[in-house]
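Reading through the C-alpha cells given below for one structure.
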Amino acid sequence: MKQTVAEKITAVGEMKRSHYSMIINGERVESVSGNMFETYDPAKGEVIATIAKATIEDAEKAVQAARNSFDNGKWRKYPVGKRARVLNKIAAIMRSRFNELCELEVLNSGKSIGAAQVQINQAIEDFEFYAGAIVGHRGKVNNMPNGFFNYTHKEPVGVCAQIIPWNYPMMMAAWKIAPAIAAGCSVVVKPASLTPITAIILNEICHEAGVPEGVVNTVPGAGQVVGDYLVTHKDVNKVAFTGSTPTGRDIMEKASSTLKRLTLELGGKSPSIVFEDADMEAAVAGSLFGIFFNTGQSCEARSRLFVHEAIYDEFMEQFVSRTKKLKLGDPFDKGTHLGSIISRSQLEKIDAYVQSAIADGATVLTGGKEIKIEGFENGYWYEPTIIADVTPDMKVVQEEIFGPVVVVEKFTDEREVIKRANDTEYGLGSAVWTTNQARATRVAHQIQAGIVMINSPFSAFPGTPFGGYKQSGFGRELTVETLDLYMEDKSVLSYYGPKPINPFGV
Ligand code: NAP
Ligand code: MG
C-alpha cells in the first residue's frame, strides 16, 4: 500500500531531538554527502542537536521535488477551499503543540519565552489568515467593447526559494510558506544556519496536515552555497528573502540572470519620534519595547530615537531608569525581558559598534558591554544600551546594529526631525508619538518608510502590509496583496461577437 506523506514523515512525533534531517519530497533525508552541522542554544553556548547539512546535490533534489510537485502534482489543482482546509489544519496542529514549538524556538535562538510566544502565535495566525485570504482572492472581469470578454486568471508563480533569517526563525518561515502554498506554489525553504530547527518542524507539520510530497521542502545548509544555488537555479521562478541588505543586493544581482520574481525584506534603522505633546507613559513604554523586543534583533527595531527638546530630560530620565530595570536571564523564565544574542560573532559586532560610538565621542547612558548571566556563563549576553550625544555621520547612527542598542537625539521642530528621520539609506519601520492627530498623519505621510506606527509599540499583525522603502527592500508580506507576489495575473481575452472579425480585411 502506498504510504501517505504523513506516514512517511511518521507524523511529527517528538519535536525535541538530538538530530534533525532535512525534508525533501515528503521524506526526512540526510545529505547525500553525509555532512552535518551543529546547532546551538545561544543562551548557554551549548550544542543542542546536529542538523543534516545540504549540499548543492541535495538542493538540486529539493528543487526537482518542488518542480515535479508543481508541474505534475495535485496541490495547485486543488479547489481553493481544499488548500485552505489544509492551511487551517497546519495552524491547528501548531496550536495543539504551541508549548513545544515555543520551547524549541527559545532553545535554538536564546530569545525570551514571551517573545517566542508572540512569534509562534503570529506564525499560526499567518496560516489562518492566508487560509481565509486565498478563498476570496480572485481575478477580475474587465469592461470590454461589445463582443469581447476579458478576465484575469490568477495562477501560482511556480517554484519558490524562500530564504529565512535567524531572528524570527519560525515566524519568518510562516510569513513565507503560508502565502506561497495558499497560492498553489511549491517551495524550497533555506533556513538560517544558526536557527534551522523550527523551520524543519514546520515542514513536517505541513505534511502531517496533508500538504502533498514535494510542495514544501527544507534544506538547511550554508547560504553562500545552498542559498546561492537556489537563487541562480533556472527551475526556480521566485525568490523571497529576508535578511541583511548586502545579501539582498547580492541575491538581486544573481536573480537577474533568470529574471526571477523577487521579494526582499531587508535591514532597517528605523526612527522613532517623540513629540512634546506625546503621552509620556505610552512613549516611554513603547520606546523600550520598540528597541529591546527580541533583544533588539529585529529588522524593524526602532533604533534611532528622536526626542523633542522640551521633554528630553523628563523622557530620558524615565527611559534610562526603566531600561535599567529590564531583566536579562533564563529565557524560559516568564519574567525575562531580554534573551541572549544569537551568536558570539553577532555579540562582537554589536560591541564593536558601541566601541566605535565611544571613540567617536558619543556617551553611553546605560549598558554598553557584554554581561555574564548566572547559570548561562557561556552564552552570549549584552546589556540593553542607550547612546546619546551622537552625530548623524556616526556609524552607530547610520548602520544597522541588530542588537539591543538605541541612539537618542534631541530635536526642536517637526520639519527638521522629518528630514533627520529620513536621513538613512533604510526605510522599513518608523514610529510617531504624539496626541495631535493632524500632526501624526502629516508626519506619517512624510516619512520614507513602509511602516509607520502611531502611538503603537507593535509594527504588524496578519493583514497589515510589512515591507520597506529604499534599501530596506521591496514587496509586502503579511497581507492579502502578498498572494499576488506568488501569483501571475493571466489575461484571458475572448471574442463572442456576432460576426467573425477580419482585421486584415483580405
Ligand atoms: P544574511 O547573510 O542576510 O542571512 C540571511 C539568510 O540568507 C540566511 O538564511 C543565510 O544563510 C542566507 N544567505 C547568506 N548568504 C547568502 C547568499 N549569498 N545567497 C543566498 N542566501 C544567503 O544575514 P546574517 O549573516 O545572518 O546576519 C548579518 C546581519 O544581517 C545582521 O547583523 C543583521 O544586521 C542583518 N539581519 C537582518 C535581518 C532582517 O530581518 N532584516 C535578519 C537577519 C539578519 P546562512 O545562515 O547559512 O548564512
Ligand atoms: Mg551573512
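The values are calculated or read from the model by the stated rules, or taken from the named source; none is laboratory data. As the structure is a computational prediction, the values presented were derived from the model and not from experiment. Neighbour counts run over all protein chains shown; Cβ positions are idealised from the backbone, glycine included. With ligands, DNA and RNA removed, areas are computed over all heavy atoms of the protein, side chains included. Shrake-Rupley method; radii C 1.70, N 1.55, O 1.52, S 1.80 Å.
For region 249-346, report the convex hull volume of the alpha-carbon atoms normalised per residue, in Å³, without decimals. Could the numbers behind the result be given before it?
Numbers: hull volume 15.9 nm³, N = 98.
Spelled out: Cα convex hull of region 249-346, divided by residues, is 162 Å³.
Please compute the per residue accessible area over the chain with all protein chains in place, 1.4 Å probe, rounded to a whole number of Å².
41
Setting aside same-chain residues fewer than 8 positions from LYS140, which aspartates and glutamates have a Cα under 14 Å from its Cα?
LYS140 reaches GLU155, ASP484, GLU488, ASP489.
Rounded to the nearest 0.05, what FRET efficiency do ARG322 and LYS499 have when you use their Cβ-Cβ distance and R0 = 60 Å? Show your work: numbers first, answer last.
Details: r = 78 Å, r/R0 = 1.30.
So, using R0 = 60 Å, E works out to roughly 0.15.
Between ALA282 and VAL47, what length comes free when the chain is fully extended (0.36 nm per residue of separation minus the Cα-Cα distance, one decimal in nm)? The partial results should precede the final answer.
Numbers: separation 235, 0.36 × 235 = 84.60 nm, distance 4.02 nm.
Gain on stretching ALA282 to VAL47: 80.6 nm.
Would you mind calculating the gained length between GLU253 and LYS16 on full extension (0.36 nm times residue separation, minus the Cα-Cα distance), in nm to one decimal?
Extending this stretch completely gives an extra 81.5 nm.
How compact is the chain by the rule of thumb for globular proteins, expressed as Cα Rg over 2.2 N^0.38 Å? It would help to have the intermediate numbers written out before the result.
On the way: Rg = 24.1 Å, N = 506, 2.2 N^0.38 = 23.4 Å.
Against the compact-globule rule of thumb, the ratio is 1.03.
Using alpha carbon centroids, what distance separates region 217-239 and region 240-283, in Å?
Each part's Cα centre sits 21 Å from the other's.
Could you compute the FRET efficiency for ILE371 and GLU155, with r as their C-beta to C-beta distance and R0 at 30 Å, rounded to 0.05? Each step should come with its number before you reach the end.
On the way: r = 53 Å, r/R0 = 1.76.
Taking R0 as 30 Å, the efficiency between ILE371 and GLU155 is 0.05.
Out of residues 5 or more away from TYR40 or on other chains, whose amide H comes under 5 Å of its own, with H placed 1.01 Å from N in the peptide plane?
Distant-sequence amide H within range of TYR40: ILE48.
Mind giving me the nanometre distance, one decimal, between the label points for ASP489 and ASP423, set 7 Å out from Cα along Cα→Cβ?
4.0
Among 356-364, 176-184, how do they line up by average Cβ neighbours within 10 Å per residue, starting with the highest? Walk me through the numbers on the way to the answer.
Numbers: 356-364: 15.4, 176-184: 28.1.
With the highest mean Cβ count within 10 Å placed first, the list reads 176-184, 356-364.
Greater than 29 Å separation of Cα atoms is the criterion. Which listed pairs, LYS53/LYS154; LYS111/LYS190; LYS89/LYS470; LYS77/LYS234; LYS16/LYS334; LYS111/LYS260, meet it?
Working: LYS53/LYS154 36 Å; LYS111/LYS190 21 Å; LYS89/LYS470 37 Å; LYS77/LYS234 23 Å; LYS16/LYS334 21 Å; LYS111/LYS260 34 Å.
LYS53/LYS154; LYS89/LYS470; LYS111/LYS260, as the Cα separations exceed 29 Å there.
For helix 312-324, report the angle its Cα long axis makes with the longest principal axis of the Cα atoms of the chain; keep it between 0 and 90° and round to the nearest 10°.
Around 70 degrees separate the two axes.
Once amide H atoms are built 1.01 Å from N in the peptide plane, which residues 5 or more positions from SER272, or in another chain, come under 5 Å H to H?
ARG304, LEU305, PHE306, ALA431
Provide Rg over Rh for region 271-454; use the alpha carbon set for both Rg and the Kirkwood Rh (inverse mean inverse pair distance).
On the way: Rg = 15.9 Å, Rh = 16.6 Å.
With Rh from the inverse mean 1/r over Cα pairs, Rg/Rh is 0.96.
How large is ³J(HN,Hα), in whole Hz, for each residue of region 253-261 in order, when computed from phi with the Karplus curve 6.51 cos²θ - 1.76 cosθ + 1.60 and θ = phi - 60°, using x for Gly and Pro?
Each residue's phi maps through the Karplus curve to give 5, 5, 5, 5, 5, 10, 6, 5, 5 Hz.
If you take the beta carbon distance between ASN68 and GLU100 as r and set R0 to 41 Å, what does 1/(1 + (r/R0)^6) give as a FRET efficiency, to the nearest 0.05?
Details: r = 32 Å, r/R0 = 0.78.
With R0 = 41 Å, the Cβ-Cβ based efficiency is 0.80.
So, with a 1.4 angstrom probe, what is the percent of accessible area on the chain that is carbon and sulfur? Numbers along the way, then the final one.
Working: 10820 of 20500 Å².
Roughly 53 percent of what the probe reaches on the chain is carbon or sulfur.
Mind checking the dipole of region 271-454: about its Cα centre, +1 per Lys or Arg Cβ, -1 per Asp or Glu Cβ, Debye to the nearest 20? Intermediate values should be presented prior to the final figure.
Working: 18 positive and 28 negative charges, 71 e Å.
That gives a dipole near 340 debye.
Are there trypsin sites (Lys or Arg not before Pro) in region 14-70 that DSSP puts in a loop and that have at most 15 other Cβ atoms within 10 Å, and which ones?
On the way: sites: LYS16, ARG17, ARG28, LYS44, LYS53, LYS61, ARG67; in loops: LYS16, ARG17, LYS44, LYS53.
Sparse-neighbourhood loop trypsin sites (Lys or Arg not before Pro): LYS16, ARG17.
Can you give the accessible area of LYS349, probe radius 1.4 Å, in Å² rounded to 10?
So the heavy atoms of LYS349 present about 90 Å² to solvent.
Taking amide H atoms as placed 1.01 Å from N in the peptide plane, list the residues 5 or more away in sequence, or in a different chain, whose amide H sits under 5 Å from that of GLY73.
When sequence neighbours closer than 5 places are left aside, there are no close amide H contacts.
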